[in-house]
Structures are given as C-alpha cells and as structure tokens.
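Please read the structure below before turning to the comments.
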Amino acid sequence: MLNQIEDFIRDIQLASIEKSADRAAFAEQFRIKYLGKKGVLADLFDQFKTVPNDQKKEIGQALNRLKNAAQSKIEEFKATVEKSEQSDKRLDLTLPTDYEQLGSRHVLSVVMNEIIDIFSRIGFTVAESVEIEDDWHLFSALNFPPDHPARDMQDTFFVEKEEGRQEVALRTHTSSVQVRVMENNKPPIRIIAPGRVFRNEAISARAHCIFHQVEALYVDKKVTFSDLKQTLLYFAKEMFGEQTQIRLRPSYFPFTEPSAEMDISCNICGGKGCNICKGTGWLEILGCGMVDPNVLESCGIDSKEYSGFALGMGVERMAMLKYQIRDLRLYFENDLRFLRQFEDIV
Ligand code: DAH
C-alpha cells in the first residue's frame, strides 16, 4: 500500500495542465480523480481501516502527504485556469490585425519596367550584360575615335588602365550591350537593354555618378529611318499620353549616322511654355539614329545586307519628366518620405 501511495504522489507531481486544450475540464477531472467521493483518496482511506496497527503511523503519514500533494496541485491548476480565462477575455479575435507596412517598388524600377513593357509590346526582348566592360565593347566597336572625350579620365571610371593593356572600365552607357548582342546573334535583332551606368561626375541636382539607361536596337534587312520615327512616336505616346507630339533634331553620336535627338511636347504646360521646358514647349528625351555601318561591320554583320536603328534614354530623366522630380539625388537617398509618394503607381 505504501508503494501505491508513493506512485500516486509521483503522478501528481508530474501532472501538467499546460498542454491541455480545455484546462477547466482537465482541472475538474483531476479533482474528481483524487478528491472525489469515489476517488483515489476515499478508496485509500477505506483500505486504511484494515491496516494493522503497527503500520498505521507510517501509512497514515503517507496518506496525508498524498492528500496535501493533491490539494496543492488542484490549487495550482485553478490558478492557471483563472489566468487563462482572463487572458482569453482580453483576446478579441474579431479585432482587425495590426497593419503590416509593405515595401513598394522604387520609382526607377517602375519607370524602367514601363519602358520595357512598351517596347515588348512591339516585339523587343530584354538583353542584359556586364557592368564592368572593356574598351572594345564600350568605345572602339561603337566607332568612338581614339581621342573622343567620352574616353577621357574625367568621364570614365577606369578599373584597369595600363599602358599596352586593354582598358577596363565601369560602363558609361548601355550601348555596349548592342555590341555584345550583335557579336553573338544574327539579324533580325530586336532588343532592349536596361541597366545601370556610371560616370565620373560630381553629384548634384542635375548629375550623378550612377544612373540608369535603356537602349533599344533593331537590325534587319531594309530597316529605315521611318521605322525609327514610327517607333519613337509610338513610344512617346504610350509613355507620356496620346496627345504627345515628337520632334527630331539633327545630332551626333559616333555609333549612329545620321543621328538625332528626340524632344516631346512638354507634358506639363501642353506646349505653351513653362519653367520645366524653359519656355520652349519641348522637352529633350533621348538620342537615336541609324546604326553606323562601321558598327555593324565591327560586330560581324554585313552592312550591305543589313541596316538598323538604335536609341538610348536615361531612366532618371524619364521619371523626372513623368513625375516632376526636380533633384536627381532623391533617387538614391532612400528617404521614405520620397519613396512613399510612389507606392501606388506600380
Ligand atoms: N549612349 C548614348 C549616351 O549614353 C545614348 C544613345 C544615343 C544611345 C543615341 C543610342 C543612340 O543608341 O542611338 O549618351
């Protein structure tokens, strides 16, 4: 009998209510099991009557310990039940949850994706390439004369510039992707190359050492300047609205001949003249032209059989004109007050 009592005491000490789904019911069952009318203690006290006198003292003490253990465990369970009932009352499952602050796309990504989207609708696919580029892909294959200012130390971040070795630099424009695509693919080629570019410029409201460009290239048989114009008009209307007009001004780029710069009618004053378009009614948007035959030949494409057009634009400038952002530095400072203004434009 003594052993039996000790076993019950151990069971009581190990009993736990924590993992029970219905704590109140668990506590009540526990009480009935030990202290109920037909419970363990009632049964043992019954048996106690038949215990020989010389064992009564020892077994009586053990029974008292068992009773105390059961009572204090029941008190402990009651306290736990009360506590969890109180916290259940505080937990209102019908309340709305805390608002989780979600991140959003950066305005440059949004604008870049929009440009990609517009061009992909007319069959252009995205091409990407390296940001650290050699002289051939950055300048030489693109028909830059050896003394062209773009090769100058003031413009370009050189990674390697040693006498007699191929120069390596952070790419100053995404036109280098044109070269890589033409070297590795046969026409027809219709690609758009978005990416980050680097120039050795002092940081100000109007210039930054890191910015983004999107380049487009189309090479096939009989590609003409009118294909370029039509593509530009389509792009301008999709990007800035149906009412947008374009104009082309003759320009110069080493890799295109003829070259042009495209302006759009000012989307802020509608062409009347304002401080954004400096009173002219026009905004400069991008550079473009027919791919110079020298460039095609440098990339292994027969310039007698094929012709092409190319265009390149700055993403920061597009975003600036679309959302009237006045200072380039804002794009890179990650000030939440700036970023949150574009949360809904995805
Ligand atoms: N690569 C030129 C720049 O960084 C932009 C450009 C102008 C790209 C004319 C072109 C183009 O493809 O035809 O300023």
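The values are calculated or read from the model by the stated rules, or taken from the named source; none is laboratory data. Treat the numbers as computed from the prediction; the structure is a model and nothing was measured. Here the Cβ positions follow ideal geometry from the backbone for every residue, glycine too, while neighbour counts run over all protein chains shown. What goes into the accessible areas is simple: the full protein's heavy atoms, side chains included, and nothing from ligands, DNA or RNA. Shrake-Rupley method; radii C 1.70, N 1.55, O 1.52, S 1.80 Å.
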Worksheet item: If you check Cys274, Cys299, Cys266, which single one turns out to be within 16 Å of the ligand (Cβ to nearest atom) and in the same structural domain as Met182 (by TED's automatic domain parsing)?
Response: Cys299
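To keep it simple, each residue is scored yes or no on (1) touching a Leu at 6+ places or on another chain (Cβ under 7 Å); (2) modelled with pLDDT of 90 or more.
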| position | (1), (2) |
| --- | --- |
| Met1 | no, no |
| Phe8 | yes, yes |
| Ala21 | no, no |
| Ala24 | no, no |
| Asp43 | no, yes |
Item to complete: Go through region 282-323 and give me each residue that's touching a Cys at 6+ places or on another chain (Cβ under 7 Å) and of a type in the set (D, E, K, R).
Response: none
Worksheet item: Within region 65-74, can one find any residue that is over 58 Å from the mean Cα position of the chain (by Cα) and free of Cβ contacts under 8 Å to residues at least 24 places away in the same chain?
Response: yes
Discussion item. Just checking, does region 261-275 include any residue being open to solvent by less than 70 Å² (accessible area, probe 1.4 Å) and among the charged types (D, E, K, R)?
Written reply: yes
Item to complete: For residues that are touching a residue at least 24 places away in the same chain (Cβ under 8 Å) and surrounded by fewer than 17 Cβ atoms within 10 Å (Cβ to Cβ), scanning just region 138-149, find the one that is nearest to Ile301 (Cα to Cα).
Response: Pro145
Worksheet item: If you go through region 110-127 one residue at a time, do you hit one that is in a strand (DSSP E or B) and either assigned by TED's automatic domain parsing to the domain that holds Leu217 or over 30 Å from Gly300 (Cβ atoms) (or both)?
Response: yes
Worksheet item: What about Met290, is it among the aliphatic types (A, V, I, L, M), in the same structural domain as Tyr218 (by TED's automatic domain parsing), within 23 Å of Ser226 (Cα to Cα) and open to solvent by 10 Å² or more (accessible area, probe 1.4 Å)?
Response: yes
Practice prompt. Please determine, by comparing only the residues of region 294-345 that are aromatic (Phe, Trp, Tyr) and open to solvent by less than 50 Å² (accessible area, probe 1.4 Å), which one is farthest from Gly270 (Cα to Cα).
Written response: Tyr306
Worksheet item: Is it fair to say Glu215 is among the charged types (D, E, K, R), within 11 Å of the ligand (Cβ to nearest atom), assigned by TED's automatic domain parsing to the domain that holds Gly308 and touching a residue at least 40 places away in the same chain (Cβ under 8 Å)?
Response: yes
Discussion item. Step by step: first the residues of region 221-232, then only those that are closer than 22 Å to Asn294 by Cβ and open to solvent by 40 Å² or more (accessible area, probe 1.4 Å), then the one that is nearest to the ligand (Cβ to nearest atom). Which residue is that?
Written reply: Phe225
Worksheet item: Which one of Phe198, Phe235 is over 22 Å from Phe124 (Cα atoms), at pLDDT 95 or above and surrounded by 17 or more Cβ atoms within 10 Å (Cβ to Cβ)?
Response: Phe198
